[in-house]
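Engineer: Handing you this structure, nothing more for now.
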Amino acid sequence: MRKISMFVVLYVVWCLLVFPYDRTTGQWDTQSLLVGLVAALVVVVLFGNALPDRSCFLLAPRRWFWALVYIPFFAYYCLKANLEVAYLVLHPDMPIRPGIVKVRTSLRTRVAITALANSITLTPGTLTVDADEDGTLYVHWIDVKFAEDDEATREIVSRFEGHLRRIFE
Amino acid sequence: MEAFLYTALGVLVATSYMCLYRIGSGPTAPDRTVAIDILGTSLVGFCALLCLLTGRDFYMNVAMAWALLSFIGTIALAKHLEGMGFDE
Amino acid sequence: MKETSTIVKTISRCVVGFIFLYGLYIVCYGHLTPGGGFTGGVILASAFVLEMLAWGKEEALKSLPFRLAKPFDSAGALAFLVLGLLGLLLGGDFFVNVIQKAYPGKPFSLFNAGIIPLCNIAIAIKVCASLFLVILVLSVLRVAAGGGTEDDLTTQEEE
Amino acid sequence: MNEYIGVAIVIVGLAFDVFGCVGLVRLPDIYTRLQAATKCVTLGTCMILIGIAILTGLNATGVKALVCMAFVLITSPTAAHAIARGAYKFGVKLEEPTVVDRYAETQTDEGRS
């Protein structure tokens, strides 16, 4: 099941790379579609064992829906982060109070923790320094507001946690 | 349109020079690693703009290959900074 | 406890297949776009290098074992030579594009370039396997502190 | 119409690129530099690629730009995280007005055990 979902995803990526549909003549390039089948098969045979833990989620439409909901939410925070960095860089005094805080998350699977860490890295003022598998994240914060674990957790993690749980767990 | 694209390429060259300044004068080795990573990412944008300027879509292939190899190089440098060997 | 972090491991698992697929794309379209055997082979090898970086040597040797990599290294060169000799036997000169002469098709499509894509694939196999072996041998030599040889590599793999 | 939207997005991306690199030069500390540069340059490059996808329309180039954007968006934070961890293990300390450093505790614990 995992390998089948990997095959489907790889084949879609191949089709995106090759773009076999010719818009001027309206014909499909069958040769590249055939070669794509062979190529995706080769990758699945070679890297079939090297998969994320639970890639079955790729076939569930409900998770795709929540992922689509997550994109504008994430884009908003990403833009906000960039504007804050622009303000910080152009400010003559550069008001920073850096520090590394420890936050806890209730997400369990590796893929979810990874997605959370990457989201934290791209959002305002925070950068993941290390992540343990039991859900402890060490976050470098450019402007520390709360040094305690619980408050920092509420400030940094909780806005992504619900979404990511719906997507990945 | 062409003037705009040349200006955009000039801006990206200026950012690359900022990265080169950091590579040259970074006090420690991690500073230089950061600058190399950022240089790779911004050159992806450079290749993409070249694709638009010349109208040939193979520059997109160059950009993708650059992104892949820059990622692998950064991971390797970071592992070296951590004091680990290549194969641990 | 020295180990790569969870994030790097997971992202490498997600990305390594796509890197390999991209290498295959570069190889297969080498006669239509820039790229070709050598470039694609380097990208294919870099997929294994990323696996080695993130998960260690054992994991990389699981997807491309040492006893497979050595024959692939030779088989790529041999296939390239056989393609050249095929032209010598059937067409009269070294590297004559016999397939394209026999079945001329529409230009600028994938299958109608004769032996050129096959040459690209042969070069890619050769480059990928030998680059993988070079990096593997370098890392083993560093661990063995100058005393490592090829026997050392094979014993490590048997363990 | 599409042309104006695409050009505007490319201009915003270029501005973010410039901000990120100014941050790379101006900020005092490796971690803050990493934050500014990673965020701004990642988003800037992604916006340039989106703008190119809008300008060229739905053909091979545009779709490839979107695939490239997804790849940059996935790998760039990972590279930043790897560098940050490597720099901490390398021994780079945080800049002086540091408020709290909870990561140092784990390092000493590991050293003892």
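Quick note: the coordinates plus some simple rules give every number you see, no bench work behind them. Just so we're clear, the structure is a prediction, and the values are computed from it rather than from any experiment. Note: ideal-geometry Cβ built from the backbone for every residue, glycine included; neighbour counts use all protein chains shown.
Engineer: Assign unit charges at the C-beta atoms only (+1 for Lys and Arg, -1 for Asp and Glu), then state the dipole size of the stretch C:1-73 relative to its Cα centre in Debye, rounded to the nearest 20.
Structural biologist: Roughly 120 debye for the stretch C:1-73.
Engineer: Across the residues of A:108-120, average count of Cβ atoms on other protein chains within 10 Å?
Structural biologist: Counting Cβ atoms of other protein chains within 10 Å of each residue's Cβ and averaging gives 4.
Engineer: Related question: Write out the GluC sites (Glu not before Pro) in the stretch A:112-154 meeting two conditions: DSSP loop, and at most 13 other Cβ atoms within 10 Å of their Cβ.
Structural biologist: Within the stretch A:112-154, the qualifying GluC sites (Glu not before Pro) (loop, at most 13 other Cβ atoms within 10 Å) are A:Glu133, A:Glu148.
Engineer: If one computes P(r) from the Cα atoms of the stretch C:45-103, what percent of pairs lie at distances over 12 Å?
Structural biologist: The calculated P(r) of the stretch C:45-103 puts 72 percent of pairs beyond 12 Å.
Engineer: Rounded to the nearest 0.05, what FRET efficiency is calculated for C:Phe108 and B:Tyr21 with R0 set to 45 Å and r the Cβ-Cβ distance? Don't skip to the answer; put the middle values down first.
Structural biologist: Working: r = 45 Å, r/R0 = 1.00.
It comes out at approximately 0.50.
Engineer: Additional query: Of C:Ser46, B:Ser70, how do they rank once you tally other Cβ atoms within 10 Å and put the fewest first?
Structural biologist: Final ranking by Cβ density, sparse to dense: B:Ser70, C:Ser46.
Engineer: Let me know the shape class of the stretch D:2-94, please: from the alpha-carbon gyration tensor, a ≥ b ≥ c as square roots of the eigenvalues, rounded when a/c is under 1.5, otherwise prolate if a/b is greater than b/c, or oblate. Walk me through the numbers on the way to the answer.
Structural biologist: Numbers: a/c = 5.93, a/b = 1.98, b/c = 2.99.
Oblate, since a/c reaches 1.5 and b/c is not below a/b.
Engineer: Would you please state the base-10 log of I(q)/I(0) at q = 0.22 1/Å for the stretch B:2-81, with intensities from the Debye formula using one equal scatterer on every alpha carbon?
Structural biologist: Debye intensities relative to I(0), on a log10 scale: -0.99.
Engineer: Considering only Cα-Cα distances, which of the following residue pairs are longer than 27 Å: C:Lys70/D:Lys89; C:Lys62/D:Lys64; A:Lys80/C:Lys9; C:Lys57/D:Lys89; A:Lys102/D:Lys39?
Structural biologist: Working: C:Lys70/D:Lys89 37 Å; C:Lys62/D:Lys64 31 Å; A:Lys80/C:Lys9 29 Å; C:Lys57/D:Lys89 22 Å; A:Lys102/D:Lys39 21 Å.
Correct reply: C:Lys70/D:Lys89; C:Lys62/D:Lys64; A:Lys80/C:Lys9.
Engineer: Take the Cα atoms of the stretch C:6-158, find their three principal axes, and give me the spread along each one in whole Å, biggest first.
Structural biologist: So the three principal-axis extents are 53, 35, 21 Å.
Engineer: Can you work out ³J(HN,Hα) from phi for every residue in the stretch C:78-88, in order, using Karplus 6.51 cos²θ - 1.76 cosθ + 1.60 and θ = phi - 60°, giving whole Hz and x for Gly and Pro?
Structural biologist: Computed from phi, the couplings for the stretch C:78-88 are 5, 5, 4, 5, 5, 5, x, 5, 4, x, 5 Hz.
Engineer: Another question, then. Which percent of Cα pairs goes in each bin when the distances of the stretch A:63-168 are cut into 5 angstrom slices starting at zero?
Structural biologist: 2, 12, 22, 24, 19, 12, 5, 2, 1
Engineer: Sticking with this structure for a sec: May I ask you to derive the relative contact order of the stretch B:2-81, considering only C-alpha pairs under 8 Å and at least 6 residues apart, and to give it as an integer percent?
Structural biologist: Relative CO of the stretch B:2-81 lands at 29 percent.
Engineer: Other chains' Cβ within 10 Å of A:79-91 residues: what's the mean? Intermediate results must be reported in sequence, preceding the final value.
Structural biologist: On the way: counts 4, 0, 5, 13, 3, 2, 14, 10, 1, 7, 13, 4, 1.
Counting Cβ atoms of other protein chains within 10 Å of each residue's Cβ and averaging gives 6.
Engineer: Can you tell which of C:Gly91, C:Ala77, C:Gly105 lies farthest toward the positive end of the dipole of the stretch C:6-158, using +1 and -1 charges on the Cβ of basic and acidic side chains (Lys, Arg; Asp, Glu)?
Structural biologist: It is C:Gly105, whose Cα lies furthest towards the positive end.
Engineer: With each label point set 7 Å from Cα along the Cα-Cβ vector, what nm distance links A:Thr25 and A:Ile71?
Structural biologist: According to this spin-label approximation, the distance is 3.2 nm.
Engineer: Please go through the stretch A:124-167 and write out the chymotrypsin sites (Phe, Trp or Tyr not before Pro) that DSSP classes as loop and that have at most 16 other C-beta atoms within 10 Å.
Structural biologist: Sites meeting the loop and neighbour criteria: A:Phe146.
Engineer: Set Lys and Arg Cβ to +1 and Asp and Glu Cβ to -1, take the dipole of the stretch A:63-168 about its Cα centre, and tell me which of A:Leu122, A:Tyr138, A:Pro72 lies farthest positive.
Structural biologist: A:Pro72
Engineer: Which residue fluctuates most in the GNM of chain C (Cα springs below 10 Å): C:Leu110, C:Leu138, C:Leu44?
Structural biologist: Judging by the Gaussian network model, the answer is C:Leu138.
Engineer: Right, another one. What does the average come to when, for each residue of peptide C:99-106, you count the partner chain Cβ atoms lying within 10 Å of its Cβ?
Structural biologist: Shielding by partners across C:99-106 averages 0.
Engineer: P(r) of the protein assembly as shown in 10 Å steps, Cα pairs, percent per bin?
Structural biologist: Taking all Cα pairs of the protein assembly as shown, the binned fractions are 4, 17, 27, 27, 17, 6, 2, 0, 0 percent.
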